[in-house]
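The values are calculated or read from the model by the stated rules, or taken from the named source; none is laboratory data. Predicted model only: the values in this text are computed from it and were never measured. When we count neighbours, we look across all protein chains shown, and the Cβ atoms used for this are built from the backbone with ideal geometry, even at glycine.
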């Protein structure tokens with residue numbers, strides 16, 4: 001068995017056009033993500049999947065393998081699936097978002113190890129504790145509820161579970177946008193039509209749950225902030241600068 005990381009990188013973005021090429025500490029954002037993944041021990045290949053020649057050219061400049069994909073994909077998972085078809089030796093793939101320059105290599109390695117050790121896992125993701133009450137109400141923050149055996153019960157942009165009346169103290173979980181797939185399950189996933197809950201919440205992972213497929217979940221303390229706006233890019237750049245100075 002072998003695992004590959006695929007980094008989807010799209011130039012068009014409503015809130016932040018050209019985001020993958022935005023310079024942070026002198027490097028394109030997507031390069032930071034690629035360099036982090038290169039430190040992973042359980043990953044055999046790292047590919048940048050894009051439909052934009054500007055991103056492809058930049059990625060090749062810093063040494064990345066590039067897979068050109070169709071510009072017509074409706075989702076990032078569709079783009080991942082197309083790229084995975086070209087990685088014929090990979091039995092599993094991990095989708096690492098191209099806007100997370102501080103992604104935990106420990107987490108990526110853990111997802112890869114769990115999938116390769118457990119053939120029954122078709123899809124896996126990660127969550128971390130969410131303690132900021134303001135974020136619980138933020139629709140841009142995806143929340144998750146878990147079963148006792150560590151599977152996802154539901155994902156929502158709303159606060160879940162909603163406390164009503166007297167209840168035991170609850171742990172709220174923030175979903176991280178990292179996914180691992182077995183090759184077979186990835187092909188199954190993209191063959192399904194977008195589902196009603198998926199469309200209502202604008203959350204792809206609900207397609208799997210609506211079709212009865214389990215999503216295994218890793219709990220982690222690693223919180224890697226993603227970048228959706230130029231303002232967030234400035235915040236992450238300051239954080240990277242502080243780490244380099246330590």
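For this structure, a couple of remarks:
Every residue, every condition in (1) in contact (Cβ under 8 Å) with a residue 24 or more places away in the chain; (2) farther than 24 Å from residue 190 by Cα; (3) crowded, with 17+ Cβ neighbours inside 10 Å, yes or no:
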| position | (1), (2), (3) |
| --- | --- |
| 110 | yes, yes, yes |
| 113 | yes, no, no |
| 121 | yes, no, yes |
| 125 | yes, no, yes |
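- Residue within region 63-72 that is in contact with a strand residue (DSSP E or B) (Cβ under 7 Å, 6 or more places away or on another chain) and within 27 Å of residue 213 (Cα to Cα) present: yes
- Residue satisfying all of: in region 33-51; without any contact (Cβ under 8 Å) to a residue 40 or more places away in the chain and either crowded, with 19+ Cβ neighbours inside 10 Å or out of contact with any strand residue (DSSP E or B) (no Cβ under 7 Å at 6 or more places or on another chain) (or both); farthest from residue 94 (Cα to Cα) among these: 35
- Where residue 54 falls short, out of the listed (1) buried (at least 20 other Cβ atoms within 10 Å of the Cβ); (2) in a helix (DSSP H, G or I); (3) touching a helix residue (DSSP H, G or I) at 6+ places or on another chain (Cβ under 9 Å): (1)
- Of all the numbered requirements in (1) surrounded by fewer than 15 Cβ atoms within 10 Å (Cβ to Cβ); (2) within 16 Å of the chain's Cα centre (by Cα), residue 13 misses one, and that requirement is (2).
- Counted residues, region 91-106 - those being at pLDDT 95 or above and buried (at least 22 other Cβ atoms within 10 Å of the Cβ): 5
- Residues satisfying the stated conditions in region 198-235, i.e. buried (at least 17 other Cβ atoms within 10 Å of the Cβ), at pLDDT 90 or above and assigned to a helix (DSSP H, G or I): 198, 201, 206, 207, 208, 209
- Leading residue by the ranking (nearest to the chain's Cα centre (by Cα)) among those in region 57-76 that are crowded, with 20+ Cβ neighbours inside 10 Å and in a helix (DSSP H, G or I): 59
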